Amino acid sequence: MNYKYEHAVVACARWERSYIVEWVEYHLSLGFDHIYLYSNDDDFEEIFPVLLPYIRSEKPLVTLKHYPYLGQQAFIYRHFLQNFRHQTRWATFIDIDEFLNLRGATIKEFTDRYDEDVFSIYFNWIYFGTSGFKTRTNKSVLRSYNKRCNIIHPYTKNIFRTAFVRDEMLEIEALHAKHFWHGWYKFATGGGRVINVINENMINYYDNFPDAAIAFLAEDGRQEKIMSVAIIHHYCMRSEEDFQIRVDRGTVGNFTGQVMWAEVRRNGRYIDILNEINAVEDNSLVNYWDKRAQSSHDIVVVPPARGANLAESAAATQSSVSQWSRDPSSLEADAAGVLRGHPTGTYSHSTSEERSPWWQADLQHTCDITELRVFNRLDEPGAIKRLRSLVIEISGDGIHYDLIHSHDWEVPIGGVDGNPLIVRLEAPVRARLVRLSLQETTLLHLDKVQIFGTYSEA
């Protein structure tokens, strides 16, 4: 059969406008040549505008459909199988909070490893946690979340050869109580093999689920072998408020699991769940996405940062206030201006003229810091050089400080001109306080300071 596409992703999305572009771009980067996306939003216009470049291009990369009935995941995916499966050789059902990690392989390189008689290949989930976020961020999922569970989850998704799917498998009676997007369990596969990523038979994997599956995964280092080949990163909880978001998003139709999250929130078990899904640091997709971003450096003036800007929710103080302070009512009020809003090229606070003036951010929690950006004021030429003796230190307790940057006096620090000071750390450093000070008698008047990283659970 001549297929229009080799590898396609199929998904349904509800309330995912802020995250959909990164998810699309990521899976296209793996070599998927088409995405079939079903909007399950109340209003089709919610997601349509952000996907227009993928829909209306000369060679469309996304087929977008609106499915108005809330929670009918089985029938949404059945619609794809009935109407579009013949267009693609391979297909997989992946949610918008799921990212397939192929350990550096493309999807073609991955599927080429398996024999022609393979119908379906199962990918296990690995749950990723909140990475310390209390509320959702609209920043990059891949860059913001790097904490996960230390064991893989028994549930799976799968990629399958569409040639093995027959019309009789799609009758309502045949589909009853069968979640084929997790695996082709209790289907007649026409001789097609059902395996996992390490080529083990999975035809009976969902028998006595989940107990038998958990025991199976615990045998003979199987988890490590699976993780080394391919896994689905499931960013199931992007903040502590997600327990309620999952309930609000809809508990009707077949989103039956959402009711569970309301009960978990009420009985306090969510604290245990947060600890479980934030147990291990995993930067595999953070690093992958950073490398992808580096390829765009020739079109951006300032390279993208790693992680979320932790400074946005921090507090601050400084050594003094002066007649030039933006808010001289208190040290904290004036210092806070450095954290809020976008860089403007002017100053956001000011100390008095003194020996070794300083400004300090309190991140409110212990964090793993990956990068800092300091924006100098550029509105007055004589003031620019005052930042020349800058020193940056970090601390966990406010008593002991470690030096992470001592600036070269001969190198000017810019800002909105595209030349802020960017301090990228080779490995994340754990701290709560970040202090900037000058090593001479002068004024300290910064434009903005941005501190990137993730919240630490320890």
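When region 118-141 is examined, which residues are found to be assigned to a strand (DSSP E or B) and either crowded, with 19+ Cβ neighbours inside 10 Å or free of Cβ contacts under 8 Å to residues at least 40 places away in the same chain (or both)?
Within region 118-141, the first condition is being assigned to a strand (DSSP E or B), and the residues that meet it are 118-128.
Passing the criteria: F119, S120, I121, Y122, F123, N124, W125, I126, Y127, F128.
Could you check how many residues of region 1-58 are aromatic (F, W, Y) and at pLDDT below 95?
Here the count works out to 4.
For region 326-342, enumerate the residues that are under 15 Å from H445 (Cβ atoms) and part of a loop (DSSP other than H, G, I, E, B).
Residues satisfying the conditions are R326, D327, P328, G337, V338, L339.
Taking region 60-87 as the search range and keeping residues that are part of a loop (DSSP other than H, G, I, E, B) and farther than 21 Å from E22 by Cβ, which one is modelled with the lowest pLDDT?
G71
I need every pair where a residue in region 92-116 that is under 22 Å from A13 (Cα atoms) has its Cβ under 7 Å from the Cβ of a residue that is assigned to a helix (DSSP H, G or I) and of a type in the set (S, T, Y), sequence separation at least 6 or different chains.
Pairs that qualify, where the first residue is under 22 Å from A13 (Cα atoms) and the partner is assigned to a helix (DSSP H, G or I) and of a type in the set (S, T, Y), are F93/Y77; F99/Y26; N101/S284.
Pull up region 421-458, narrow it to residues that are out of contact with any Phe, Trp or Tyr (no Cβ under 9 Å at 6 or more places or on another chain) and among the acidic types (D, E), then point me to the one that is modelled with the lowest pLDDT.
Among them, the one singled out is E457.
Can you tell which of L446, L378 is surrounded by 18 or more Cβ atoms within 10 Å (Cβ to Cβ) and either on the phi > 0 side of the Ramachandran plot or touching a His at 6+ places or on another chain (Cβ under 8 Å) (or both)?
On inspection, the qualifying residue turns out to be L446.
For the subset of region 10-46 comprising residues that are assigned to a helix (DSSP H, G or I) and of a type outside the set (A, V, I, L, M, F, W, C), which member is surrounded by the most Cβ atoms within 10 Å (Cβ to Cβ)? Outline the logic, then answer.
Of all residues in region 10-46, those assigned to a helix (DSSP H, G or I) come to 20-29, 44-46.
Narrowing the set further to residues that are of a type outside the set (A, V, I, L, M, F, W, C) leaves 22, 25-27, 29, 45-46.
On the way: E22: 17, E25: 14, Y26: 19, H27: 21, S29: 13, E45: 10, E46: 17.
Ranking the qualifying residues of region 10-46, first place goes to H27.
Looking at region 372-410, which of the residues that are of a type in the set (S, T, Y) and in a strand (DSSP E or B) is nearest to the chain's Cα centre (by Cα)?
Checking each candidate, the answer is S395.
Looking at the structure I just gave you, is D33 acidic (D, E), over 21 Å from the mean Cα position of the chain (by Cα) and within 16 Å of D95 (Cβ to Cβ)?
no
The values are calculated or read from the model by the stated rules, or taken from the named source; none is laboratory data. Bear in mind that the values here come from a model prediction, so they are computed numbers and not experimental data. With ideal geometry, Cβ positions are generated from the backbone for all residues, glycine too; neighbour counts draw on all protein chains shown.
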